[in-house]
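To keep things clear, I will list the structure first and then write my remarks on it.
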């Protein structure tokens, strides 16, 4: 269906897809804006992390010395934290700022709640 509507199970009445902040129908939420430099750096880090995880797998498979594996594991975890920090920065700069600037008090309060949850989950 090209109209942006989806059919309910069993062919029942059509239901509109939710709209993103960007104003288009979508299946999932998207960022309001993504800083191109942050995105590029995150993709580069994630490729490196992917390689680190493959290396960890090979180290465990080869029965490498446990402290050596743990050092590499710590490096991968720190790289993931760096990606998380960069994503949080982008979220604050764009999504949260956009929500506050919109003047929609309910939307802003929802974003504050989301941000609080993110901070507590990310700080573990």
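Among the listed residues 51, 84, identify the single one that is touching a helix residue (DSSP H, G or I) at 6+ places or on another chain (Cβ under 6 Å), assigned by TED's automatic domain parsing to the domain that holds residue 107 and part of a helix (DSSP H, G or I).
On the way: 51 fails: touching a helix residue (DSSP H, G or I) at 6+ places or on another chain (Cβ under 6 Å).
The unique qualifying residue is 84.
Mind counting the residues in segment 56-74 that are surrounded by 15 or more Cβ atoms within 10 Å (Cβ to Cβ) and within 20 Å of residue 45 (Cα to Cα)?
The total comes to 4.
Return only the number of the condition from (1) surrounded by fewer than 16 Cβ atoms within 10 Å (Cβ to Cβ); (2) touching a helix residue (DSSP H, G or I) at 6+ places or on another chain (Cβ under 9 Å) that residue 105 does not satisfy.
(2)
Return yes when residue 82 is under 30 Å from residue 33 (Cα atoms), surrounded by 12 or more Cβ atoms within 10 Å (Cβ to Cβ) and under 24 Å from the mean Cα position of the chain (by Cα) and no when it is not.
It is true that residue 82 is under 30 Å from residue 33 (Cα atoms), surrounded by 12 or more Cβ atoms within 10 Å (Cβ to Cβ) and under 24 Å from the mean Cα position of the chain (by Cα).
The values are calculated or read from the model by the stated rules, or taken from the named source; none is laboratory data. Here the structure is a predicted model, which is why all the values come from computation and not from measurement. Note that each Cβ is placed from the backbone with ideal geometry, even for glycine, and that neighbours are counted across all protein chains shown.
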